[in-house]
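To start, the structure itself, in structure tokens.
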Amino acid sequence: MASKESAPLLASEDKPDMSAGRAAGGSQGGDGAVSRRQLPQAIAHRGYKMAYPENSMAAFCSAVEIGAHAIETDLHLSKDGVVVLSHDGTLKRCFGEDRKVSDCDWSYLSTLRTTRKPHEPMPRLVDLLEYLVQPGQEDIWVLLDIKKDDDPTDLISRVAATFASVPTKREWKERIIMGCWDAKYARLCQEILPGFPLAHIGWSLSYARELLAVPKMNFNMFMYSMVGPSGTKFMRAARAAGRSVFVWTVNDDDWMRWSIRKGVDGVITDNPERFLQICKEWPDDEDAETAERRQMRHFLSLQRPKPLVFLLLFRVLAMSVALVALVKAGTPRQRVQKALRSQ
């Protein structure tokens, strides 16, 4: 197993305390340099997805073995109320079956195997938790993505019951962040799982800024939304509020380096082994201004126009979606306030 110089810890404060894991994790220092002790943590996206079938125990175990600090995974409910780990609400892409997860009992889901080799079964949340309480895994933490296909109250309640069913020396709220796509889910997590840190998952910086008012709210942002002055401004606001910022999904070497220079707390990647290698090779310090110039030259390179084109297209799409949402549901502040007030 690849050893980590130190291990991440979560605290019951607004910002998860991952300072013990800074051998691979953190933010930019006040002197404008990125230190080796402050590199972002490696968060394995659906496990070590690049090497094994996503959201399988093989992918999770492999991520831990190569030195990842955390696992990101997705929550759904079976027809009989079992919390399972699957990104999709359907079985088609990963298991080749044209059925919804919510239409199948666990007794059936447990018989399925991934179409990708090695053919792996779908795990339950309890399977992952039982793995994480084994000796040597106590410092691995988890970022859960609460999918919106199921009834939210039912899903989060059953997640809470699953936590309670697996004894652990360290409380689960010190090791798990509940990922919420909107304020409604954040409010339900506060009610059903009091004390658990939260992370807003999304791409809208305007909506995310309104959620800074929510206690224990951290941020799991689409990487391209954090590029440019607006992303830098949001990062400063999150830092001032003492919150963590993660970015998804980062697989390109240059974007991994960008994430380090940006000073995010964690990088969600399909290839945690490669990200850890880049962290290992990172210089002891790098002047922020020099890093910015180097990154800009990369974006503007005619030999590699794809990232810049994608970024511009994303910005146009984001503004269009935000405008439609504004017309239909009001400003981000109004939508957040309405969700937090709803009963």
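None of the figures in this text is laboratory data; all of them are computed from the coordinates on show. Everything numeric in this text was worked out from a predicted model, so none of it was measured. Counting neighbours? That spans all protein chains shown, and the Cβs are built from the backbone with ideal geometry, glycine included.
Spin-label point model (7 Å from Cα, Cβ direction): what's the Asp98 to Ala240 distance in nm?
Output for this residue pair reads 5.4 nm.
State to the nearest 20 debye the size of the charge dipole of the range 116-209 about its Cα centre, where the only charges are +1 on K and R beta carbons and -1 on D and E beta carbons.
180 debye
Just want to confirm a number: the relative contact order over the range 40-127, from Cα pairs under 8 angstrom separated by 6+ residues, in percent.
27 percent
Would you mind classifying the range 61-121 by shape? Square roots of the alpha carbon gyration tensor eigenvalues, ordered a ≥ b ≥ c; an a/c under 1.5 is rounded, otherwise it is prolate if a/b is larger than b/c and oblate if not.
Prolate.
Can you tell me the dipole magnitude for the range 208-256 around its Cα centre, using point charges on the Cβ only (Lys, Arg +1; Asp, Glu -1), in Debye to the nearest 20?
It comes to approximately 420 debye.
Going by a ≥ b ≥ c, the root eigenvalues of the Cα gyration tensor, does the range 140-180 fall in the rounded group (a/c under 1.5), the prolate group (a/b larger than b/c) or the oblate group?
Values: a/c = 3.35, a/b = 1.52, b/c = 2.20.
Verdict is oblate for the range 140-180.
Within the set Lys233/Lys280; Lys100/Lys147; Lys184/Lys216, which residue pairs have Cα atoms separated by over 18 Å?
Numbers: Lys233/Lys280 28 Å; Lys100/Lys147 13 Å; Lys184/Lys216 15 Å.
From Lys233/Lys280; Lys100/Lys147; Lys184/Lys216, over 18 Å: Lys233/Lys280.
With the cut-off at 1.5 for a/c, could you classify the range 138-294 from its C-alpha gyration tensor as rounded, prolate or oblate?
Details: a/c = 2.23, a/b = 1.59, b/c = 1.40.
Verdict is prolate for the range 138-294.
How many angstrom lie between the C-alpha centres of the range 196-261 and the range 157-194?
The range 196-261 and the range 157-194 have Cα centres separated by 21 Å.
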